[in-house]
Amino acid sequence: MHTEYLFADQPLQLARAAQLLIEGKLVAVPTETVYGLAADASNPEAVARIFKAKGRPANHPLIVHIAEPEHMHRWAEQIPASAFALASHFWPGPLTLLLKKAAHVDSCVTGGEPNIALRMPTHPVMQNLLRMTELGLAAPSANPYQQLSPTQATHVAKGLSGKIAAILDGGSCQLGLESTIVDLTQSQPRILRAGPITADAIAQCLGQPVAAPQRHEVAISGNKKQHYQPRKPLHIFATDELMQQIKRSSQRIAVVFYSQAIQSASNTIENLSGSTPIYRAASSNKSLYAQALYSTLHELDALDIDAIWMEQPPQSTEWNDVNDRLARAATKDDGK
């Protein structure tokens with residue numbers, strides 16, 4: 001399959017992307033979080049193409065993107081007042097609401113689950129597409145299943161060229177991490193996936209406590225134990241341990257750090273082979289760290305190295321989404 005490469009700032013090319021979506025084709029599109037692989041969520045054949053292109057299991061639910069809060073009624077039923085309160089406060093933005101699926105919605109979108117995940121994105125290109133097509137767009141991350149999420153169009157091309165109809169280049173994603181998912185199907189709201197909007201912010205908006213369980217059995221997008229993974233092994237170390245591991249290693253490694261301690265030592269630490277690791281400084285500002293995380297991992301994954309080692313980010317609640325993604329991205333054999 002030939003994959004068209006389109007530019008979102010060209011009106012005719014944006015219109016071409018919209019037409020392809022109306023025809024039931026797959027188009028990779030920018031959002032403020034990551035690039036999504038979009039398809040008409042009301043078209044089961046189009047939705048099936050998402051799963052095929054990504055290699056994603058059919059029981060792994062998708063998020064449907066909508067143009068207006070009022071469009072929740074097109075996809076969900078028994079919508080609680082809390083949904084409209086959160087939509088009024090946080091939409092458009094990186095918050096996904098899990099609601100009871102409307103009876104007419106095909107279960108292919110929800111992975112056979114009785115609930116549906118809805119979000120109103122803030123990215124102007126995605127908003128334009130939603131209005132031009134008048135569709136709800138199912139759009140998981142535009143990458144092969146369980147691999148690194150894309151935050152640039154070139155990341156999408158690397159993984160999905162030849163498998164989808166088009167890639168719409170809208171520049172780099174502003175936030176760089178997937179949306180927060182909050183479950184509103186029970187009496188107490190629950191955070192099912194950490195994201196840019198915190199449990200505290202949601203609780204403050206609703207005026208009630210919000211649960212944030214470390215483990216749950218709810219099937220949602222991006223919640224597998226192994227996810228968001230580079231091809232090279234990725235390991236995470238506390239600051240002091242990282243410096244010691246670098247000295248002991250004979251591997252060709254890339255090191256991602258944020259602390260001054262590693263910065264100061266980076267010019268002097270050599271490993272057993274006598275080679276100096278490739279260092280990449282990350283911001284100590286959480287928002288900037290998150291924005292650059294996937295892009296940095298994409299860059300390092302393409303290098304001739306044996307592994308990627310990362311300094312453990314702070315463990316505060318503000319960093320929950322970063323730590324969640326890294327925990328899923330890390331190699332699980334513990335073969336540091």
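Here, each number is a calculation from the coordinates, and none is a lab measurement. This is a predicted model, so every value here is computed, not measured. In this analysis, Cβ positions are derived from the backbone assuming ideal geometry, glycine residues included, and neighbour counts consider all displayed protein chains.
So what J values fall out for the range 22-32 if you push phi through Karplus, 6.51 cos²θ - 1.76 cosθ + 1.60 with θ = phi - 60°, rounded to Hz, Gly and Pro as x?
For the range 22-32, the Karplus-derived couplings read 4, 7, x, 8, 9, 9, 7, 10, x, 10, 6 Hz, x marking Gly and Pro.
I'm spelling it out carefully: the read-out is semi-axes √(5λ) of the Cα gyration tensor in Å, the candidates are (1) 46, 20, 17; (2) 47, 28, 19; (3) 35, 24, 17, and one was derived from this structure. Which label?
Answer label, from the structure shown: (3).
Most mobile of 245, 291, 13 per a Gaussian network model of the chain (Cα springs, under 10 Å)?
Among 245, 291, 13, the largest GNM mean-square fluctuation belongs to 245.
List every residue whose amide H lies under 5 Å from the amide H of residue 192, counting only residues 5 or more places away in sequence or on a different chain, with H placed 1.01 Å from N in the peptide plane.
Close amide H contacts, sequence-distant or interchain: 181, 182, 183.
Using helices alone, what [θ] at 222 nm do you get for the chain, with -39,500 (n - 2.57) per DSSP H run of 4 or more residues, divided over all residues and rounded to the nearest 500? Could the numbers behind the result be given before it?
On the way: 11 runs with 105 residues, N = 336.
Theoretical 222 nm ellipticity from helices: -9000 deg cm²/dmol.
Give a residue-ordered list of calculated ³J(HN,Hα) values for the range 12-17 (Karplus: 6.51 cos²θ - 1.76 cosθ + 1.60, θ = phi - 60°; whole Hz; x for Gly, Pro).
Couplings: 5, 6, 5, 5, 4, 4 Hz.
Which cross-chain or sequence-distant (5 or more) residues have an amide H under 5 Å from the amide H of residue 32, H modelled 1.01 Å from N in plane?
Amide H neighbours of residue 32, under 5 Å, 5+ apart: 122, 123.
What angle, in degrees between 0 and 90 and rounded to the nearest 10, separates the Cα long axis of helix 44-54 from the longest principal axis of the Cα atoms of the chain?
10 degrees
Stretched out fully, how many nm does the piece from residue 23 to residue 134 gain, at 0.36 nm a residue minus the Cα gap?
Working: separation 111, 0.36 × 111 = 39.96 nm, distance 1.26 nm.
Result: 38.7 nm gained on full extension.
In whole Å, how far is the Cα centre of the range 277-307 from that of the range 13-57?
Between the Cα centres of the range 277-307 and the range 13-57 lies a distance of 28 Å.
Compute the distance from the alpha-carbon center of the range 84-124 to that of the range 163-199, in whole Å.
10 Å
Provide 25, 163, 54 in ascending order of the number of other Cβ atoms located within 10 Å of each residue's Cβ, fewest first. If you can, show how the numbers build up before the last one.
Numbers: 25 19, 163 16, 54 23.
The fewest-first ordering by Cβ neighbours comes to 163, 25, 54.
For the range 1-119, just say rounded, prolate or oblate: build the C-alpha gyration tensor, square-root its eigenvalues into a ≥ b ≥ c, call rounded for a/c under 1.5, and beyond that prolate if a/b exceeds b/c, oblate if not.
Details: a/c = 2.11, a/b = 1.36, b/c = 1.56.
Note, shape of the range 1-119 comes out oblate.
Which residue fluctuates most in the GNM of the chain (Cα springs below 10 Å): 149, 250, 141?
Result: 250 has the largest fluctuation of those listed.
Counting other beta carbons within 10 Å of each residue's own, what order do 4, 23 fall into, fewest first? Write out the running numbers ahead of the final one.
On the way: 4 15, 23 11.
Lowest count first: 23, 4.
Name the GluC sites (Glu not before Pro) in the range 43-86 that are in a loop by DSSP and that have at most 16 other C-beta atoms within 10 Å, would you? Walk me through the intermediate numbers first.
Values: sites: 45, 70, 77; in loops: 77.
Sites meeting the loop and neighbour criteria: 77.
Please compute the modelled spin-label separation between residue 240 and residue 68, points set 7 Å along Cα→Cβ, answer in nm with one decimal.
Spacing of the two 7 Å Cα→Cβ label points: 5.9 nm.
How large is ³J(HN,Hα), in whole Hz, for each residue of the range 80-87 in order, when computed from phi with the Karplus curve 6.51 cos²θ - 1.76 cosθ + 1.60 and θ = phi - 60°, using x for Gly and Pro?
Karplus-based 3J(HN,Hα) across the range 80-87 equals x, 4, 4, 5, 6, 5, 5, 4 Hz.
If you restrict to DSSP beta bridges whose two residues both lie in the range 4-206, what percentage is antiparallel, to the nearest 5? Working shown, then result.
Working: 16 of 29 bridges.
Counting only bridges with both partners in the range 4-206, antiparallel ones make up about 55 percent.
Which of 317, 96 comes first, and how do the rest follow, when ranked by fewest Cβ neighbours within 10 Å? Walk me through the intermediate numbers first.
Working: 317 13, 96 27.
Listed from fewest to most nearby Cβ atoms, that is 317, 96.
Hey, in the GNM for the chain with a 10 angstrom Cα cutoff, which one of 145, 279, 294 fluctuates hardest?
In the Gaussian network model the winner is 279.
Roughly how many nanometres apart are two label points built 7 Å out from the Cα toward the Cβ at residue 102 and residue 261?
It works out to 5.4 nm between the two label points.
Go through the range 230-322 and name the GluC sites (Glu not before Pro) that are in a DSSP coil and have 13 or fewer other Cβ atoms within 10 Å of their Cβ. The partial results should precede the final answer.
Details: sites: 241, 270, 299, 311, 318; in loops: 270.
Passing sites in the range 230-322 are 270.
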